[in-house]
Amino acid sequence: MLKYFATFEVFFEENLSKLFLHFKSYSLTPDIYLIDWIFTLYSKSLPLDLACRVWDVFCRDGEEFLFRTGLGILRLYEDILLQMDFIHIAQFLTKLPEDITSEKLFNCIAAIQMQNSTKKWTQVFASVMKDIKEGDKNNSPALKS
């Protein structure tokens, strides 16, 4: 999951730089909220009708859409989240407001660009995977001896 979090953060910083810096200032990392969203396919944090729509698009578009949805949620609530501290952000993101409308959420999801410079999600993820594997080789006890 760390590889997915690292890739998510690339697009988080690219799309929502102000909120990204706010989260960084509180050391609020994606594992605090994103793991719950992804593992439950948003069924725990979104109203069921919205979660079902997310599932439909996920089945059609693949895993990238789950992360795009996460960024869409952050974009939707960016102004509110910028006013909160660590505890309130974590609580808010655990259970999102029930009055969230599909139109607003899906407009925010559509506004998210899943391209960093000239790289798309899959290319950024592959790059993160390569960097981590090379780091593993460099930190391998077998290679140090």
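The values are calculated or read from the model by the stated rules, or taken from the named source; none is laboratory data. Predicted model only: the values in this text are computed from it and were never measured. Methodologically, a virtual Cβ is constructed for each residue, glycine included, from the backbone with ideal geometry; neighbour enumeration extends over all protein chains shown. Accessible surface areas use protein heavy atoms only, side chains included; no ligands, DNA or RNA. Shrake-Rupley method; radii C 1.70, N 1.55, O 1.52, S 1.80 Å.
Some points to look at:
- In a residue-by-residue description of segment 53-76, the property of being out of contact with any Cys (no Cβ under 7 Å at 6 or more places or on another chain) and over 29 Å from SER127 (Cβ atoms) applies to at least one position.
- Residue count, segment 49-71 (criterion: open to solvent by 40 Å² or more (accessible area, probe 1.4 Å) and touching a Lys or Arg at 6+ places or on another chain (Cβ under 9 Å)): 2
- The one condition in (1) part of a helix (DSSP H, G or I); (2) open to solvent by less than 70 Å² (accessible area, probe 1.4 Å) that GLU13 fails to fulfil: (2)
- Selection from segment 83-105 of residues that are touching a residue at least 40 places away in the same chain (Cβ under 8 Å) and not in a helix (DSSP H, G or I): ASP85, LYS95, LEU96, GLU98, ILE100
- Failed criterion for SER45 (all others in (1) modelled with pLDDT of 95 or more; (2) more than 9 Å from the chain's Cα centre (by Cα) hold): (1)
- Any hit, segment 72-89, residues being under 19 Å from MET1 (Cα atoms) and open to solvent by less than 60 Å² (accessible area, probe 1.4 Å): no
- Being within 24 Å of SER25 (Cα to Cα), in contact with a helix residue (DSSP H, G or I) (Cβ under 8 Å, 6 or more places away or on another chain) and part of a helix (DSSP H, G or I) is a description that applies to ILE80.
- Just one of (1) modelled with pLDDT of 80 or more; (2) within 14 Å of the chain's Cα centre (by Cα); (3) over 17 Å from PHE20 (Cβ atoms); (4) surrounded by 17 or more Cβ atoms within 10 Å (Cβ to Cβ) fails for PHE125. It is (1).
- Taking the criterion of being open to solvent by less than 40 Å² (accessible area, probe 1.4 Å), under 28 Å from LYS44 (Cα atoms) and of a type outside the set (Phe, Trp, Tyr), the residues of segment 111-122 that qualify are ALA111, ILE112, MET114.
- Options ASP36, ASP49, ASP31; residue that is over 22 Å from TRP121 (Cα atoms) and part of a helix (DSSP H, G or I): ASP49
- Hey, PHE65 in a helix (DSSP H, G or I), without any contact (Cβ under 8 Å) to a residue 60 or more places away in the chain and in contact with an Asp or Glu (Cβ under 9 Å, 6 or more places away or on another chain) or not: no
- Check on CYS108, within 20 Å of SER17 (Cα to Cα), at pLDDT 95 or above and either open to solvent by less than 90 Å² (accessible area, probe 1.4 Å) or not in a loop (DSSP other than H, G, I, E, B) (or both): yes
- Scanning segment 60-110 for residues that are β-branched (Val, Ile, Thr) and more than 17 Å from ILE38 (Cα to Cα) yields ILE80, ILE87, ILE89, ILE100, THR101.
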